[in-house]
Amino acid sequence: MSSSSSAAPVGLEGGFPITRELLGARSLPPSPVAYGGPLPALPLTLREALRETWDLRIDHDPAAFDPLTSRAFGILYAHVRAEQVLFALSSRTNLTLAGATVRVVGDGALAPVLTTALRRLGAAVVRATDDPVELLAARLDGVRVEPVSTAGTTAFTLLTGVGHDGVSALDFAGIVADAAPRPTTAASLPSPRAHVGTTPRGTLVEMPSPLPADTEPTTAAQRRLADALVAALIVDDGPDGDSGAFAAAVTP
């Protein structure tokens, strides 16, 4: 089916405006594409809708291109994921972050974005990193920095999914959230409420997947990231191409 078809399943074409725009600008017909890295696979229902709507086949292949290595997609992902995580943390606990001390454990593009967002909310932030360059950047931004460890007395801990291989969300005291692309689940833990589990040392607040999942309703943030992901895979010269087409398309 061509990209100009009006027979799209209800909600898909309207919900994927970036993909629609970049498909219209393609010089070649759509072809099967794959992505790898830590991002989860798109759910079957969405992949089928993409095929039915635009004849797009999107697969997940561990050996394929990792979209999180793209500068443009990585910037967008970090900002949307930070909003998604902070909203989930607040809504699933009914706790406020303003005035609290939050430790951001790990590195990657998400870490400084989370730090900035938390400070805007009125939280004090401690960065935990073992990377000298990340430490430099954080210190220059006026952020307190400490090594990665499970020690500490902060009320909240957020893990980025990068740069903390020796520790997991289950190792920390207090309220912990895993912002990794495939976050730690609370399903097997004793649970006082939905999406919250009791760990040996504290409380794990389960974070939503960054991308849509067949197991729960799709949020606006998940749809936006899925749209950007598909667009990054089908844009003619790639998400970081000289044309800047992808960056222009995802800029608010």
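The values are calculated or read from the model by the stated rules, or taken from the named source; none is laboratory data. Since the model is a prediction, treat every value here as computed from it, not as a measurement. Cβ atoms come from the backbone with ideal geometry, glycine included; neighbour counts cover every protein chain shown. Please note that ligands, DNA and RNA were not included when accessible areas were found on the heavy atoms of the full protein model with its side chains. Shrake-Rupley method; radii C 1.70, N 1.55, O 1.52, S 1.80 Å.
Looking across 137, 173, 151, 124, one residue alone is touching a Lys or Arg at 6+ places or on another chain (Cβ under 7 Å) and either closer than 12 Å to residue 204 by Cα or not aromatic (Phe, Trp, Tyr) (or both). It is 173. Applying the condition of being at pLDDT below 95 and among the β-branched types (Val, Ile, Thr) to region 200-218 and asking which residue is surrounded by the most Cβ atoms within 10 Å (Cβ to Cβ) yields 218.
Within region 233-241, the presence of at least one residue that is open to solvent by less than 30 Å² (accessible area, probe 1.4 Å), part of a helix (DSSP H, G or I) and touching a residue at least 12 places away in the same chain (Cβ under 8 Å) is confirmed. Among residues of region 5-23 being in a helix (DSSP H, G or I) and either touching a His at 6+ places or on another chain (Cβ under 7 Å) or open to solvent by 60 Å² or more (accessible area, probe 1.4 Å) (or both), the one that is modelled with the lowest pLDDT is 14. Can you confirm whether residue 200 is touching a Leu at 6+ places or on another chain (Cβ under 9 Å) and closer than 25 Å to residue 69 by Cβ? Criteria not met by residue 200. Kindly provide the set of residues from region 170-179 that are buried (at least 22 other Cβ atoms within 10 Å of the Cβ) and modelled with pLDDT of 95 or more, ordered by number. Result: 176, 177, 178, 179. Kindly establish whether residue 153 is assigned to a loop (DSSP other than H, G, I, E, B) and under 20 Å from residue 97 (Cα atoms). Yes: the conditions hold for residue 153. If only residues of region 119-150 that are assigned to a helix (DSSP H, G or I) and either touching a residue at least 40 places away in the same chain (Cβ under 8 Å) or small (Gly, Ala, Ser) (or both) are counted, the one that is surrounded by the fewest Cβ atoms within 10 Å (Cβ to Cβ) is 137. Mind checking which pairs have a first residue in region 32-57 that is open to solvent by 70 Å² or more (accessible area, probe 1.4 Å) and a second that is part of a strand (DSSP E or B) and charged (D, E, K, R), Cβ under 7 Å, 6 or more apart or different chains? Short answer, once both residue conditions are applied: 32/59. Looking at 154, 150, 184, just one residue is under 27 Å from residue 76 (Cα atoms) and among the hydroxyl-bearing types (Ser, Thr, Tyr), and that residue is 184. Provide a single number: the residues in region 43-73 that are of a type outside the set (D, E, K, R) and out of contact with any Gly (no Cβ under 8 Å at 6 or more places or on another chain). Qualifying residue count for the region: 12. For region 195-212, filtering for residues that are within 23 Å of residue 80 (Cβ to Cβ) and not in a strand (DSSP E or B) leaves 8.
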